[in-house]
Structure formats: C-alpha cells, structure tokens
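The values are calculated or read from the model by the stated rules, or taken from the named source; none is laboratory data. A quick note: this is a predicted structure, and the numbers were derived from the prediction, not measured. Neighbour counts are summed over all protein chains in view; Cβ atoms, including those assigned to glycine, are modelled from backbone coordinates with ideal geometry.
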Amino acid sequence: MPRGRSGNLFRAASEKEARNAPLAERMRPLTLDEIAGQKHILGPNTLLREAIETDQVPSIILWGPPGSGKTTLARVIARATKAELVALSAVDSGIKDIRETVAQARDLLDEQRKRTLLFIDEIHRFNKAQQDALLPHVEKGIVTLIGATTENPSFEVNSALLSRCRVFALRPLEEADLRDLMLRAASDAERGLGGDGVRPGEAFLDHVARHSGGDARRALNALEVAAARAKAEKRTELTEKDAEEALQQKTLLYDKSGDAHYDTISAFIKSLRGSDPDAAVYYLVRMLESGEEPRFLLRRMVIFASEDVGNADPRALSVAVDAL
C-alpha cells in the first residue's frame, strides 16, 4: 500500500536512526533552521518558510541538483505539518498506487477533515499518463503534491500539473555551507562522528568544500570515508591528503540534455565569438571531463566556423572539418 512506503522513505527523519546508516542520512536536518543554504526560499519572511510554519503548504515542485536538499526539505515539511504524509517514488510507482493514495486521502478528508501530503521523489520519471492521473486530485485539493526533481520541471512536468504547483529552485550549496555541515557532523556525538575522536583540519574542510560541487551528500560521504580511515590508523586529524583520496576528483555539474548541457555549450560558443581562448578552452575541457560526446562538440565547432567566422577566415571551416 502506498501509505506504507512513507515509513520507508522518511524513516531516516526519525531521531532513532540506525547507527549503521550512512553519515549523510543520519545528519539530515530535522528542522528548517538546520537546513544549510537555500536562504532565498527558506530565509525569514519568505513565502515557503511562512507556509511551512503556518501549515499551509501548497502543492510545490522542488527543483535542484543532487545533494541540494530536496528530499531533506520534504522531510522537514513532513515533520512540521499536521497533515497525513504519503510518499511515493516515481521509479517504482504507477497509476494504481496513485489511485489507492487518492482514495485514502479522500476518506481521510471526509472522515477526519485531515489533509494528505503526497511526496513524489523523482517526479520527472512519471510519464504523461501518470502525471495526468494526479491532475484532478491536486486541482480539487484532495492531495497536496510535493514533487522533487533534478530536471527542469518546465520540460519534464506536464504544463497543466505545473500550473497548479509553485516551483522552488534549490541551489548548490556554498562552500561555507558545506564547511558548516562537515563541522556539525564531526562534532555531533549522537548522529554524527563526535564520538570517534577524529576532527577535520582546515585544509581538509577547504578541499572537500571546494571540490564537492555544492553537493552536501558528497561532502559528508567524503568526511565519513576519511574519518573511518583515520580512525583505523589511530589518527585524530583529517588532512588535505585524506580529502584528496576520499574525493578522487571534483564533481562537475553537468547533464546529457538538460540545462547544464545547453548552458555550457552556449558559454563555449560565446567565448569563441568573444575571442576569449582561455574561456573557450575552459568550457571545452569542462564538457569533455563531464563525459560529453566529442563529436557533438566538433559539429558545433564546424557550425561556428561556417556561420560565425564565415568568409572572415575561410580556413576556419577547413580546420574544423579536419578535426572531425
């Protein structure tokens, strides 16, 4: 039953988390004040914060990169609300699950005058038919939808459903936010690593914060791995070398066909137009390091040589074609 899944998805929000859960899971914030970053939507007097504090949360879509706090924020809302919470994952749920959830929500509303919050993780994985199945029930207020997605909802969520939700964009965390998270995790004896006798040094904090790509989960995973190794070696301080080995390489925010893909190729072309070789090489290497298909980049360079350079330098097209 859909209602039963809420216990699985939100179990880590309990204060009785299992000690064998990953550090990033154990350290999930339990209140709004514990959430790192996102002041643009959760700061004082912001719409979403006031809606949460007054238990008047509308249907919303939380859009942001991995590790920015989408599921965490949904869990905080779940703890703060008086409504019944049902959680589904778009990966393994279908129209049948939606119908069962709506039937339960309608009964709850009729019998107890109690609202139902329906949290759907990875909502962009729902196809059009599944999203359409949600629409009338969100419109009538039978369920209040909280969707989480890493993809641009303008492209991945039906326009009819999107028009009935408020979209809140979560940003990658700043380096200062990541440092605070790691320090909190290192000192928290109940949920974190406070009882392990290991503390992160300044060089460790700086390196991890700089190379985590704004991803809180990645930063905390690196801290956990490094702390376990240091503890095994009977060391008490984490160094920059520990950070390098825990992270291996910097994570670049990129995708195959989403905003990051088009934003980066656009910046590359504009750098060429502006005769800025350093910027052009930077964006080119960034795309290649992120796994972009080289032939796609070469085709764009051929187009640039033909349309932007043109007769100003006829050799440009020949050079670009030779690269193919």
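Of the residues R99, R79, which is charged (D, E, K, R) and modelled with pLDDT under 90?
Going through R99, R79 in turn, just one is charged (D, E, K, R) and modelled with pLDDT under 90: R79.
Looking at (1) surrounded by fewer than 13 Cβ atoms within 10 Å (Cβ to Cβ); (2) at pLDDT 90 or above; (3) not hydrophobic (A, V, I, L, M, F, W, C), which is the one condition that is false for E293?
(2)
How many of the residues making up segment 196-216 are in a strand (DSSP E or B) and in contact (Cβ under 8 Å) with a residue 40 or more places away in the chain?
Here the count works out to 0.
Give segment 176-195 a look and list any residue that's assigned to a helix (DSSP H, G or I) and out of contact with any Lys or Arg (no Cβ under 6 Å at 6 or more places or on another chain), or say none.
Listed by number, the residues that qualify are A176, D177, L178, R179, D180, L181, M182, L183, R184, A185, S187.
Which of the following residues is of a type outside the set (A, V, I, L, M, F, W, C) and outside any helix (DSSP H, G or I): D97, D110, D92?
Result of the check over D97, D110, D92: D92.
Residue check: is R115 over 21 Å from the mean Cα position of the chain (by Cα), in the same structural domain as P66 (by TED's automatic domain parsing), within 29 Å of K82 (Cβ to Cβ) and at pLDDT below 90?
The answer is yes for R115.
Scan the helices (runs of 4 or more DSSP H) fully inside segment 217-324 and keep the ones with 3 or more residues being over 30 Å from E202 (Cα atoms) and under 20 Å from the mean Cα position of the chain (by Cα).
Here the list reads 259-273.
Could you list, in sequence order, all residues of segment 136-161 that are within 17 Å of V86 (Cα to Cα) and either among the acidic types (D, E) or over 19 Å from the mean Cα position of the chain (by Cα) (or both)?
Once the filter is applied, which keeps residues that are within 17 Å of V86 (Cα to Cα) and either among the acidic types (D, E) or over 19 Å from the mean Cα position of the chain (by Cα) (or both), segment 136-161 yields H137, V138, G141, I142, V143, T144.
Hey, could you check segment 113-139 for residues that are among the aliphatic types (A, V, I, L, M) and in a helix (DSSP H, G or I) and say which is surrounded by the most Cβ atoms within 10 Å (Cβ to Cβ)?
Going through the qualifying residues, I end up with I123.
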